[in-house]
Amino acid sequence: MYAPTFRDGYAISMPFSDKFYLKLNRYLKVKNQILLIKKHPVEKKIKILTGLSNIIDVSKDVDDVQELLLCVDALITDYSSTTSDFVLTNKPIMFYPYDYDSYTKNCRSIFYDYYQELPGPFVDKENGLLKLIKEIDTWFNEPAYHNRYLDFKNKFNKYQDGNSCKRLLKYLSSMN
């Protein structure tokens, strides 16, 4: 799934060219895979090439990206906080900050050192992204990557035992 964050109305470059969409679609077709695209609810500017067999924009069909996190095998994103939720699935995340300089200059700042805190891998060009997709089993199983992934997961998710709702209910009940 590709789930980018929104841009605060500044003129953005498109994340993918039509040529890349076609190239990626051919690859996904051969591999019998699908790429879901879920735009941020307020994002209106990202152009998605339509009519592709294996790339599907689900933005109008799915309100909350959380509904998809358990259903997908990997996440491609840019600056979205979805990563701190998705990391709990122990599935691969690819970071595609194709407009990092424009985003941080014209849109919003990032609260931590993007390239140090996030586990990566990072690519800002289409060909690099396709390479990551093709080699996902290789880089995701590297011990150094797993260490970074676990560090990120632990830093942004204090509780990982599936009992957060119970803790919240207990806390709210104690307020009476």
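Which one is nearest to Ala3 (Cα to Cα) among residues in region 72-101 that are surrounded by 15 or more Cβ atoms within 10 Å (Cβ to Cβ) and of a type in the set (Gly, Ala, Ser)?
Ser80
Could you give me the residue pairs with C-beta distances under 6 Å whose first residue belongs to region 107-124 and is more than 13 Å from Tyr145 (Cα to Cα), whose second residue is of a type in the set (Asp, Glu) and assigned to a loop (DSSP other than H, G, I, E, B) wherever it lies, and which are 6+ apart or on separate chains?
The qualifying pairs are Cys107/Asp8.
Go over the candidates Pro41, Pro92 one by one and state the one that is at pLDDT 90 or above and not aliphatic (A, V, I, L, M).
Result: Pro92 is the single residue among Pro41, Pro92 that is at pLDDT 90 or above and not aliphatic (A, V, I, L, M).
May I ask you to list the residues in region 146-167 that are over 15 Å from Phe86 (Cβ atoms) and either aromatic (Phe, Trp, Tyr) or open to solvent by 100 Å² or more (accessible area, probe 1.4 Å) (or both)?
Within region 146-167, Asp151, Lys158, Tyr159, Cys165, Lys166 meet the criteria.
Check region 138-145 and report whether any residue there is buried (at least 16 other Cβ atoms within 10 Å of the Cβ) and of a type in the set (D, E, K, R).
The answer is no; no qualifying residue exists.
Given the options Ser81, Ser59, name the one that is out of contact with any helix residue (DSSP H, G or I) (no Cβ under 7 Å at 6 or more places or on another chain), under 21 Å from Lys158 (Cα atoms) and of a type in the set (Gly, Ala, Ser).
From the options Ser81, Ser59, the qualifying one is Ser81.
Tell me, yes or no, whether region 68-88 has at least one residue that is in a loop (DSSP other than H, G, I, E, B), over 24 Å from Ile34 (Cβ atoms) and free of Cβ contacts under 8 Å to residues at least 12 places away in the same chain.
Among the residues of region 68-88, not one is in a loop (DSSP other than H, G, I, E, B), over 24 Å from Ile34 (Cβ atoms) and free of Cβ contacts under 8 Å to residues at least 12 places away in the same chain, which makes the answer no.
Would you mind stating whether Tyr96 is within 12 Å of the chain's Cα centre (by Cα) and in contact (Cβ under 8 Å) with a residue 40 or more places away in the chain?
For Tyr96, the condition - within 12 Å of the chain's Cα centre (by Cα) and in contact (Cβ under 8 Å) with a residue 40 or more places away in the chain - is met.
Given the structure, is Ser84 under 16 Å from Pro15 (Cβ atoms) and either in contact with a strand residue (DSSP E or B) (Cβ under 8 Å, 6 or more places away or on another chain) or of a type outside the set (D, E, K, R) (or both)?
no
Surrounded by fewer than 20 Cβ atoms within 10 Å (Cβ to Cβ), without any contact (Cβ under 8 Å) to a residue 12 or more places away in the chain and either in contact with a Ser or Thr (Cβ under 7 Å, 6 or more places away or on another chain) or β-branched (Val, Ile, Thr) (or both): is that true of Thr104 in this structure?
yes
Is there any pair with a first residue in region 1-20 that is hydroxyl-bearing (Ser, Thr, Tyr) and a second that is modelled with pLDDT of 90 or more and surrounded by fewer than 13 Cβ atoms within 10 Å (Cβ to Cβ) whose Cβ atoms are under 9 Å apart and which are 6 or more apart or on different chains, and what are they?
Within 9 Å, no pair qualifies.
The values are calculated or read from the model by the stated rules, or taken from the named source; none is laboratory data. The model shown is predicted, which means the values in this text are computed figures rather than measured ones. As a convention, Cβ positions derive from the backbone with ideal geometry for all residues, glycine included, and neighbour counts pool all protein chains shown. Keep in mind that these areas ignore ligands, DNA and RNA; they rest on the heavy atoms of the full protein, side chains included. Shrake-Rupley method; radii C 1.70, N 1.55, O 1.52, S 1.80 Å.
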